[in-house]
1. Extension gain residue 365-residue 103, at 0.36 nm per residue separation less the Cα-Cα distance, in nm?
2. Compute the accessible area per residue over region 210-264, keeping the other protein chains in place, probe 1.4 Å, unit Å².
3. Got a sec? Which residues in region 255-299 would a label at residue 141 touch, if it sits 7 Å along Cα→Cβ and we count backbone N under 13 Å?
4. What is the extension gain from residue 220 to residue 341, computed as 0.36 nm multiplied by their sequence separation minus the C-alpha to C-alpha distance, in nm to one decimal?
5. Quickly work out the residue 164-to-residue 289 label distance, labels modelled 7 Å from Cα along the C-beta direction, and quote it in nm with one decimal.
6. Averaged per residue, what accessible area in Å² does region 322-403 show with a 1.4 Å probe, protein chains only?
7. Roll a 1.4 angstrom probe over the protein heavy atoms and tell me the percent of accessible area of region 274-315 that is carbon or sulfur.
Amino acid sequence: MKESILAFALAIALSSAFVPSAIPAVSLLRHHHASTQLYSSSENVDDLPSLEFSSADTEEGNVHANKPWDHEKAGIQTHKLTFRSPHPDERGKGGVSASESIQALEVVARIPRSLILVGGGDFFAYDGDAPRAVEAAANAQNRTWVTDLTAATLVALHPTLSELAMDKKESSSGSTLISKQQWVQSWVSGGWATHGSDLGPPEAQFGQKCTTGSLLSTGSDNDANIYAKFRLPCHPAIHRAAVGLAFLTNMEDGEEECREALARRGAVFRSMRDALLPLVLEPTERERLASMRERRAWDVADVLSRMLSRATLLQLPGVEGEISTPAVVPLHERLAQCDARGENVKLIADDGDGGIELLLVATRDIEQGEDLTRDYTTAPRLMGDETQGALHLLLQFGLPPNAWS
């Protein structure tokens with residue numbers, strides 16, 4: 001036992017993969033195979049953290065991944081819009097553009113309230129979302145809007161037979177729950193390192209092969225004490241990722257801030273993990289051998305990251321006026337990041353005779369072929385998250401470098 005511990009300590013001491021003083025400054029950033037790779041003079045360029053989005057990653061960590069979602073069949077009406085799948089270098093954002101010129105204040109999409117996911121406040125507790133989500137979120141160690149919205153997403157992804165039967169009985173135009181489930185199943189992208197390829201190839205030392213499920217589900221709340229004896233501030237995979245993340249976002253002396261941001265995400269996941277495990281009815285099959293509980297936990301982490309990368313704030317009508325509610329809205333969640341002109345569409349709640357409906361309205365004139373955009377910097381954040389610029393846009397939303405300025 002002592003020999004194995006000493007061998008591990010020696011490996012840490014000799015490794016240049018995550019010891020800050022042994023890693024030289026980045027010498028080059030360039031695009032390679034539709035990705036941005038991190039280069040240094042001491043490591044193989046293919047072994048370092050990157051912005052690569054591998055199509056192979058879409059198979060794992062996402063129930064029935066790659067199934068296309070038919071938004072029209074789900075009841076979403078669109079006007080003057082055209083759709084395509086996001087390119088690899090767009091990292092899941094984009095692909096919605098104007099098929100012809102759109103005037104300011106023109107409605108380009110109508111989205112039924114029944115399709116959106118909400119988290120936090122009265123809408124989450126009383127607006128018809130499955131009681132399972134409310135009950136599970138209430139048992140979390142630290143309940144926030146993130147807990148509520150993750151629970152609502154898991155319930156949408158894993159409806160029970162009784163919920164499906166009730167939904168079929170009450171719906172005359174098709175199953176809303178099935179449409180919502182298929183929508184969540186179509187999610188592939190998420191924040192940085194949702195997919196292992198962001199940490200380098202599978203064989204990279206202290207990369208994805210040293211994570212448990214994903215980077216988000218790796219480590220514990222006691223890592224500072226566990227790894228202090230090896231002169232490390234945290235789990236080696238998280239430490240290496242923080243170094244790479246600082247390089248990728250061009251943050252001089254930003255390693256500590258990146259490490260704190262990664263640790264914050266991990267702590268939020270662990271605060272809800274045990275409470276939300278029962279919501280995962282059918283855990284994802286993975287190549288790595290793991291118990292049923294571990295696979296459920298990894299699914300919670302994946303859903304959390306994908307939800308955070310899509311969340312927005314909605315102004316929904318309430319009893320005492322409008323209520324600012326964290327939510328994920330179909331179509332809106334996949335729009336590209338806006339430029340200096342600001343977002344060119346905005347979500348507006350319409351409380352008509354048929355109930356609440358979300359309208360996607362143009363904020364200015366939009367030219368034919370122009371991408372529809374939203375402002376991700378105004379999206380809700382994790383409690384205590386004060387990251388800015390490239391780090392915020394990459395880590396939470398997975399946005400590519402052309403969206404950072």
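The values are calculated or read from the model by the stated rules, or taken from the named source; none is laboratory data. Small disclaimer: the values here were computed from a predicted structure and weren't measured. Positions of Cβ are backbone-derived with ideal geometry, glycine not excepted, and every protein chain shown enters the neighbour counts. The accessibility values were calculated without ligands, DNA or RNA, using every heavy atom of the protein model including side chains. Shrake-Rupley method; radii C 1.70, N 1.55, O 1.52, S 1.80 Å.
1. 93.9 nm
2. 44 Å²
3. Taking a point 7 Å out along Cα→Cβ of residue 141, the residues of region 255-299 whose backbone N falls under 13 Å are 264-276.
4. Answer, rounded to one decimal: 39.4 nm.
5. 3.2 nm
6. Details: 3410 Å² over 82 residues.
Ligands and nucleic acids excluded, the result is 42 Å² per residue.
7. Here it works out to 52 percent.
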